[in-house]
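Chemist: Once you've had a glance at the structure underneath, I'll fire off some questions.
The values are calculated or read from the model by the stated rules, or taken from the named source; none is laboratory data. Keep in mind that this is a model prediction, so the values were computed, not measured. Using ideal geometry, Cβ is built from the backbone for each residue, glycine included, and neighbour counts are taken over all protein chains shown. These area figures cover heavy atoms from the full protein model, side chains too; ligands, DNA and RNA do not enter into them. Shrake-Rupley method; radii C 1.70, N 1.55, O 1.52, S 1.80 Å.
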Amino acid sequence: MNQTKEERHILSVLVENQPGVLSRVAGLFSGRGFNIESLCVAATTDPLVSRMTIVTIGDMGVVEQIKKQLNKLVNVIKVVDFTGTDFVQRELALIKVRARPENRAEVLRMVDIFRCRVVDVGSEYYTVELTGDEGKISAFLNLLKPMGIKEIARTGALALAREKK
Amino acid sequence: MKRLTGAEILLESLKEEGVDTIFGYPGGAVVDIYDRLVKTDIRHILVRHEQGAVHAADGYARASGRVGVCLVTSGPGATNTVTGIATAYMDSIPVVVLTGQVPRGLIGNDAFQEVDIVGITRPCTKHNYLVSDIDDLNRIIREAFYLAKSGRPGPVLIDLPKDVMSMKAPYRPGKKIKLRTYQPTYRPNLRQLDKVVRLVKEAKRPLILAGGGVVLSKGSEELTRFARKIVAPVTTTLMGLGVFPPHDQLWLGMVGMHGTYRANMATSCCDLLIAVGVRFDDRVTGKIETFATQAKIVHIDIDPSSIQKNVPVSIPVVGDCRLTLQILNDLLEKEKLNGIPEVRAPWLDQIEEWKSTRPLAYKQGQVIKPQYVIETLSRLTRGEAIITTEVGQNQMWAAQYYHVDRPNSFITSGGLGCMGFGLPAAIGAQVAMPDKLVVDIAGDGSIQMNIQEMATAIQYRLPIKVVILNNRYLGMVRQFQELFFGGRYACTAMECAPDFVKLAEAYGAAGLRATKPEEVELVLKEGLSLEKPVLMDFVVEKEELVYPMVPAGEPITEMLLV
Ligand SMILES: Cc1ncc(C[n+]2csc(CCOP(=O)(O)OP(=O)(O)O)c2C)c(N)n1
Ligand SMILES: [Mg+2]
């Protein structure tokens, strides 16, 4: 294919909530050499339907093919590509950052600026909860890095289309 | 309401689907099903290996256009089906595979003869199911058949835990299947077809490339009508052989790695390529950047994911091949096409020239040429036999020299290229078409991969014929070694092989052998006339090569020729 510019795409995939569906989707990506940046899955208001939010990177041809292949899976109800549309995107991260007495104030200041919360306090580490888009999370991580990050857990991106105003 | 066991519900549901034959092999996990099966009027064909069961069901499906069904036990029975399933998957063949499974309570415990066959076959089935609730059993079976045969067909597997088969539940016949998540597009977009009509009228050098989708959609007649109407030459992929009459002026032969000179040249020089039911496999396109570069490409296929996958297409048309061609033919009825033959004349002349200067050719000398065997077979049977093939040189010579004259009659493992396919597939085809002559064109290597199925042919009195092109080599691999590896024949000589004539006799079949060219016709005539399974061993030239040949990754115009 000629359109070879690689781009990040957020796909929202509604699937039947059945055993094996996650494996079908994940297997499709690995089997065909598509890449998964993150994948997030949970039930929707309809208990028979789950939503997967998949972040992938590829050129137009590849992403077209990914969408077609996803649509071909019998358990897939709908595939939406948010790229080029108006959507809200969020990710949640839990970060264990070193909080010795001498830098506690700095950590708390950062937490304040980024409007996140400390959800657990230990003698050496604070666990901070942050939500935001990709940019916000990486900015926050970059600032915390010099203080020492012990562990992080991230959900991967979640997204929904914006409603008409 | 009637209460039936799971096994009985299964069999009732199969009957609802019109199943008349099952290819299978029993075992502990399916013993309940077998106990009931023999009380129905469904015919069971006991194969000798589960791979054979799937290939036979596949051959049955390809020959008849119906869904092939097989039944095997859990664990090793199930894993033995995987190659057969992958074969059917690659060629989009409707097969339903029923596998036994350990009782639900033991699943996940590494129980005796437990494998996660649903997990194993996820990437090579169109869809698969584990029946974990007997109330779903009838629906799942109905869905499985619907999925297998609708849209782009393919194999569907159903895993049946033993306890579900023996427990009882109320049974009601299933309702019409409708899946909200699965609705194949049969009707093409008419606006796209208007564009196709316009291109057809503008084109000076059109070419039709037909594939397995035309066979699967039963579109051969519409295709022939279409080609003649627009006066466009026709080539097919390996999977499309038989959809166009082989003696028609417009027929070019097969395209691709071992395609004819004229088909490959025409593909490169055409200004309009109408591709119907193909998926542009690398064996067809060669180097993709140089494929049909002068052409606008119209691509008709029922599977949207096949379109724009490998080659950029000017006009994508998602739809059933037969229906689309039929609508195109109707649209063309309304068009003035009387100038067309004149416009096409230079193009057809060019093709005629390619055809006469570089025809398929070989020289028959002292030793039997494999091509000569196939050509003689084609002549003796007037192209009317159902041919199955193994894989390798034998398969390519069969494709080149057997002039198959109707669809569903050239049965070969195209996508997977699976050695061992031909014999069990011939068995399945013969079961489906008891009155037809069915011939497996085989290599000495491939035939040994499922030779045990000779016993099946004998047991059920299936008078299949096997033509072995015995070159004492894994010939196709040897050909690669000769051409691209300095003639170093690493592990491709079949230094030890059975005496195929004696082997045939040991099974209770007839065995015949030809070692000289003048014996070829006699052996074929005798073999074809016998009303039982026959193995014919043709001792052919050891180092014959399949020509033309496009080295992998080269443009298809870069053919090595005789
Ligand atoms: C199951 C399987 N294993 C290996 C191969 C690789 N392979 C392709 S053609 C071929 C040689 C086949 O030998 P034979 O059946 O004698 O046919 P010939 O090419 O000699 O006509 C082999 C080994 C294959 N296609 N399938
Ligand atoms: Mg051989």
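Chemist: Under 8 Å between Cβ atoms, which residue pairs at least 6 apart in sequence (or on different chains) link something in segment A:2-25 that is away from chain B (no Cβ under 14 Å) and part of a loop (DSSP other than H, G, I, E, B) with a partner that is open to solvent by 80 Å² or more (accessible area, probe 1.4 Å) and modelled with pLDDT under 95?
Modeler: Pairs found: A:LYS5/A:MET60.
Chemist: Checking B:GLY108 against (1) in contact (Cβ under 8 Å) with a residue 24 or more places away in the chain; (2) within 14 Å of another protein chain (Cβ to nearest Cβ), which test does it fail?
Modeler: It fails just one condition, (1).
Chemist: Can you find even one residue in segment B:474-492 that is over 21 Å from B:LYS218 (Cα atoms), buried (at least 24 other Cβ atoms within 10 Å of the Cβ), more than 14 Å from every other protein chain (Cβ to nearest Cβ) and more than 16 Å from ligand 2 (Cβ to nearest atom)?
Modeler: The answer is no; no qualifying residue exists.
Chemist: Take B:ALA148 and decide whether it is assigned to a helix (DSSP H, G or I), touching a residue at least 12 places away in the same chain (Cβ under 8 Å) and in contact with a Lys or Arg (Cβ under 8 Å, 6 or more places away or on another chain).
Modeler: yes
Chemist: Ok, one more. Would you confirm whether any residue within segment B:290-307 is part of a helix (DSSP H, G or I), surrounded by fewer than 19 Cβ atoms within 10 Å (Cβ to Cβ) and more than 13 Å from every other protein chain (Cβ to nearest Cβ)?
Modeler: Checked segment B:290-307: at least one residue is part of a helix (DSSP H, G or I), surrounded by fewer than 19 Cβ atoms within 10 Å (Cβ to Cβ) and more than 13 Å from every other protein chain (Cβ to nearest Cβ).
Matching residues to (1) within 14 Å of chain B (Cβ to nearest Cβ); (2) in contact with a helix residue (DSSP H, G or I) (Cβ under 8 Å, 6 or more places away or on another chain); (3) among the small types (Gly, Ala, Ser):
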site	(1), (2), (3)
A:ASP59	yes, no, no
A:VAL63	yes, no, no
A:LYS68	yes, yes, no
A:ASN71	yes, yes, no
A:ASP81	no, yes, no
A:GLY84	no, no, yes
A:GLU102	no, no, no
A:ALA105	no, no, yes
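Chemist: Right, next: Of (1) modelled with pLDDT of 95 or more; (2) among the β-branched types (Val, Ile, Thr); (3) open to solvent by 50 Å² or more (accessible area, probe 1.4 Å), B:THR357 satisfies all except one. Which?
Modeler: (1)
Chemist: Could you tell me which residue of segment B:154-187 is most open to solvent (accessible area, probe 1.4 Å), considering only residues that are under 20 Å from A:LEU70 (Cβ atoms) and part of a loop (DSSP other than H, G, I, E, B)?
Modeler: B:ARG180
Chemist: If you don't mind, another one. How many of the residues in segment A:59-80 are outside any helix (DSSP H, G or I) and at pLDDT 95 or above?
Modeler: 8
Chemist: Is there a residue in segment B:309-324 that is outside any loop (DSSP other than H, G, I, E, B), out of contact with any helix residue (DSSP H, G or I) (no Cβ under 9 Å at 6 or more places or on another chain) and open to solvent by less than 30 Å² (accessible area, probe 1.4 Å)?
Modeler: No, segment B:309-324 contains no residue that is outside any loop (DSSP other than H, G, I, E, B), out of contact with any helix residue (DSSP H, G or I) (no Cβ under 9 Å at 6 or more places or on another chain) and open to solvent by less than 30 Å² (accessible area, probe 1.4 Å).
Chemist: How many residues does segment B:111-120 hold that are without any contact (Cβ under 8 Å) to a residue 40 or more places away in the chain and open to solvent by less than 10 Å² (accessible area, probe 1.4 Å)?
Modeler: Total meeting the criteria: 0.
Chemist: Strands (runs of 3 or more DSSP E) wholly in segment A:98-165 with at least 2 residues that are more than 30 Å from A:SER12 (Cα to Cα) and open to solvent by 30 Å² or more (accessible area, probe 1.4 Å) - which ones?
Modeler: Of the strands (runs of 3 or more DSSP E) lying wholly inside segment A:98-165, those with at least 2 residues that are more than 30 Å from A:SER12 (Cα to Cα) and open to solvent by 30 Å² or more (accessible area, probe 1.4 Å) span A:117-121, A:149-154.
Chemist: Taking only segment A:26-37 into account, find how many residues are open to solvent by less than 60 Å² (accessible area, probe 1.4 Å) and not in a loop (DSSP other than H, G, I, E, B).
Modeler: 4
Chemist: Let me ask something else about it. Filter segment B:256-288 for residues that are free of Cβ contacts under 8 Å to residues at least 60 places away in the same chain and not aliphatic (A, V, I, L, M) and give the result.
Modeler: Of everything in segment B:256-288, those that are free of Cβ contacts under 8 Å to residues at least 60 places away in the same chain and not aliphatic (A, V, I, L, M) turn out to be B:PHE280, B:ARG283.
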